[in-house]
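Taking it in order: structure first as structure tokens, then the write-up.
The values are calculated or read from the model by the stated rules, or taken from the named source; none is laboratory data. Every value quoted in this text rests on a predicted model; they were computed, and no experiment measured them. Here the Cβ positions follow ideal geometry from the backbone for every residue, glycine too, while neighbour counts run over all protein chains shown.
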Amino acid sequence: MPPILPPPEPPVIMQVVELNKSPKPWLTNKDSNQPRGSAELLGSPISVKYSAEAEKKIVTRLVTQERNGESREFEFAQKLEETVAPAAENLPRVEEIKLIEVIAERQEYDQKQQVITATGNVVMRFDKGVLRADRLRVNLAERLAIAEGQVILERGEQVLRGERFEYYFVQDRGVIKNASGEVYQPTISRDVNPSLPTDTGTDTIPEQPLSDRLNREQPLQRVTTAAGYRFVVGSIRDLNLIQQQGGVPSTQSGGRINRFRFQAERIQFEGDGWEAINVRLTNDPFSPPELEVRASTATLRNISPLVDELITTNSRLVFDQTLSLPLLQDKLVFDNRPRRPGLFSIGFDGEERGGLFIERGFNIVDTDKVIFNLTPQYFLQKAFFGDGFSSTDGDESNQDDDCDGGVFNPCVFGVKTEAAVNLGTRTSLFGTTQLTSLNLENIENRLRSKVQLQQKVGDLNRPHTVNLEYNYRERLFNGSLGFQTVHSSFGAIVTSPIIPLGETGINISYQASMQNIEAVTDREDLLSSNRDNDRVNLSRYQGAVSLRREFPLWRGEALPATAEAGLRYTSTPVLPYLQFTTGITGVASGYSNGDTQNSLSASIGLQGQLGHFSRSYFDYTGFNVTFSQGILGGESPFKFDRFVDEQTLSLGITQQIYGPVRAGLQTAFNLDRDREISTDYFLEFSRRTYNIILRYNPVLQIGSLNLRISDFNWNGNTEPFEGSGINPVIQGVTR
């Protein structure tokens, strides 16, 4: 079949042209009693008139064919109006052919009405889609196809079903009544590429709850549902390729539902979008759905190849067919970029925001190339109870004036901005700012900002990341030394992907950086006697390498992916397993004043999950235990990257209590100093389609309450440091 080109944008004038071909015996004329096979049944051609400006035509060709029979062709010529730009006047005119093909068990042709009727397993292939139905009528004069019965329309990865389908095939638009369908949701997530992803020591200050990390690292599996609704759990890469790489689990999410379903009384579509009336949408493949969005109208339009926009009216969230809550936003964007929930986020930050706060993000600019988000914040606890927390980051310039509270006091308001610009297929520009008070008298000590130019280089599948970045007052947490603020830094950082070392099962990653840094020091020999602060400006050159290997000890079997078994409380069937982990990380740092800090740290651990999270109580236990021992040579002149936690023990556990409720904690201790480094507490309400997590860290004085909706690319504030702007430092390396 010739390639199908997109329809023209200018207005068109139609002509119907039937090609003069040899007689075709496959049509039965309703107005004749002659036996099938007579060429006279077809009558005279519908039209043999061509426009004088044939060189400007775009032709839609209709091909009808009975199975095991011959075919007949009709052409619908479209004459373009004179809207061609002058620069194109001298270009040669080329006809554009759009092919429409109809195949059925039996077809009849009504010569007077110019109607073709096809019955029996009808398949109509046209531009950007395939239609399947029990019966199909094609009106040649109106350029209209009407399908009835079990109608299924497939347009790319979108599937629409209905009782009646009207399609104007020249204009590429139509209407479906009593419609339902599916829309494909790509599972591409933003490439975060964390620093030293193979380092086992990151359990000290984790970015995700233990259940998410265990789910991500569970052995690969591929699951399909029994009712023909197919999705993948685990890596989407070929299993043989994984085995060639030493059986290393994918670092991506363990699995997710890749489609959302919808139902509507009526759907009218045109081009790459559609509009629905009285619509219901859900990300649940089972019925009745746990979670759905109901709206009076919904309009889906394609913005770019990987971006779809859904606009609704009078929309609301319905949980378990009982609880209904208004959805306070009318636009959802489905693409390859993570997004926050559209309602609001609740967080806790005692260090900079005075405790409990609330925030709401707004997409000011949202295009395929540029994203700009503005997030106002309101510090609830500080507004009503004043600032009961004190700064402990070691930078005296960060000490803010006491805020006595007040509902409308400028110090209880904050704002955060995030910008991303796509400069090319492998080049991006990111920028963030945080202002923790609208009292601008001391703005230089209330503002934090970061600008990062990111370039992917090397292998397309395993690229290296080169970042050129500037940070102003970067907030870091260095284990036992607590919070630290780097006043400013500028430089370049190169980070590798995870690289398997042949078939050994060992993964390696590395990082190199060169930065000019201004930060607090406690070295009197580096400070002048007449000074305003304890900061010093030095250049730092750092390299780090980390190796990791897992040894599988035991692997169970996952339950079937049904609503009553494997997918009762989670969107990913739980696969029980145990594995032994080992790792080693070496870091070398040199400073422009001649100081060096070199360290080598080895880790061993055991992690796993038991149960299937399917029964009503005590059917899931996840745990991890990691011991790390480091060797240190030299000492950093800065406090923010000084390696002091040489011997650490990390412990984590998550336990199902009853039904969808799980509770857990993750803690880390410095065994040399007998001191707690960090402890996270979790309380989780987990369902197949959504998840609510309450998280609090009393050591860091941060917390969050998060609603996460499966596969709607709403990540929320599940990482403890994302909403607060804190980055952990482990073994002298900023993670």
What do you reckon, is Gly424 assigned to a loop (DSSP other than H, G, I, E, B), at pLDDT 90 or above and within 26 Å of Asn467 (Cβ to Cβ)? yes
I want to confirm something. Restricting to the stretch 637-655 and keeping residues that are within 35 Å of the chain's Cα centre (by Cα) and without any contact (Cβ under 8 Å) to a residue 60 or more places away in the chain, which single residue is nearest to Gln597 (Cα to Cα)? Leu649
Complete set of residues in the stretch 126-147 that are crowded, with 17+ Cβ neighbours inside 10 Å and in a strand (DSSP E or B): Phe126, Gly129, Leu131, Arg132, Ala133, Leu136, Arg137, Val138, Leu144, Ala145, Ile146, Ala147
If you check Glu557 against the conditions, is it in a strand (DSSP E or B) and modelled with pLDDT of 90 or more? no
The stretch 560-593, subset part of a loop (DSSP other than H, G, I, E, B) and either polar (S, T, N, Q) or at pLDDT 95 or above (or both), residue farthest from Val733 (Cα to Cα): Thr562
Residue among Leu468, Leu476 that is in contact with a strand residue (DSSP E or B) (Cβ under 7 Å, 6 or more places away or on another chain), in contact (Cβ under 8 Å) with a residue 24 or more places away in the chain and within 18 Å of Val587 (Cβ to Cβ): Leu476
Restricting the stretch 91-109 to residues that are out of contact with any Gly (no Cβ under 9 Å at 6 or more places or on another chain) and acidic (Asp, Glu), which is modelled with the lowest pLDDT? Glu95
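Residue-by-condition table, conditions (1) modelled with pLDDT of 90 or more; (2) assigned to a loop (DSSP other than H, G, I, E, B):
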{"site": "Phe623", "(1), (2)": "yes, no"}
{"site": "Gly633", "(1), (2)": "yes, no"}
{"site": "Leu649", "(1), (2)": "yes, no"}
{"site": "Asp672", "(1), (2)": "yes, yes"}
{"site": "Ser704", "(1), (2)": "no, no"}
{"site": "Pro720", "(1), (2)": "no, yes"}
Expected output for the stretch 560-572 (first residue farther than 18 Å from Arg662 by Cβ, partner of a type in the set (Gly, Ala, Ser) and surrounded by 23 or more Cβ atoms within 10 Å (Cβ to Cβ), Cβ below 7 Å, 6+ apart or cross-chain) is Pro560/Gly566
Flagged pairs (Cβ under 6 angstrom, 6 or more apart or on separate chains; first in the stretch 367-391, among the hydrophobic types (A, V, I, L, M, F, W, C) and outside any helix (DSSP H, G or I); second at pLDDT below 85 and buried (at least 16 other Cβ atoms within 10 Å of the Cβ)) are Phe389/Gly350
Just one listed residue, out of Gly594, Gly586, Gly605, is in contact (Cβ under 8 Å) with a residue 60 or more places away in the chain and not β-branched (Val, Ile, Thr), and it is Gly605
Specify which of the listed residues (Leu343, Leu306, Leu328, Leu310) is surrounded by 18 or more Cβ atoms within 10 Å (Cβ to Cβ) and modelled with pLDDT under 85. Leu310
Would you call Ala492 farther than 25 Å from His464 by Cα, touching a Leu at 6+ places or on another chain (Cβ under 6 Å) and assigned by TED's automatic domain parsing to the domain that holds Gly594? no
Looking at (1) among the aliphatic types (A, V, I, L, M); (2) buried (at least 17 other Cβ atoms within 10 Å of the Cβ); (3) under 21 Å from Arg642 (Cα atoms), which one does Leu527 not meet, given that it meets all the others? (2)
Residue count, the stretch 469-515 (criterion: farther than 15 Å from Gln542 by Cα and outside any loop (DSSP other than H, G, I, E, B)): 22
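So that you can scan it fast, the table gives a plain yes or no per residue for (1) surrounded by fewer than 17 Cβ atoms within 10 Å (Cβ to Cβ); (2) of a type outside the set (A, V, I, L, M):
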residue: Ala419; (1), (2): no, no
residue: Asn422; (1), (2): yes, yes
residue: Thr427; (1), (2): yes, yes
residue: Arg448; (1), (2): no, yes
residue: Gln452; (1), (2): yes, yes
So, of the residues in the stretch 427-445 that are outside any loop (DSSP other than H, G, I, E, B) and within 18 Å of Gly354 (Cα to Cα), which turns out to be farthest from the chain's Cα centre (by Cα)? Asn442
Could we say that Leu429 is out of contact with any Lys or Arg (no Cβ under 8 Å at 6 or more places or on another chain), at pLDDT below 95 and of a type outside the set (S, T, N, Q) here? no
Matching residues in the stretch 524-538 - criterion: being closer than 12 Å to Phe638 by Cβ and not in a loop (DSSP other than H, G, I, E, B): Leu526, Arg535, Val536, Asn537, Leu538
Just to verify a result, which residue in the stretch 110-120, among those that are touching a residue at least 40 places away in the same chain (Cβ under 8 Å) and either part of a strand (DSSP E or B) or in contact with a Gly (Cβ under 8 Å, 6 or more places away or on another chain) (or both), is nearest to Arg164 (Cα to Cα)? Ala118
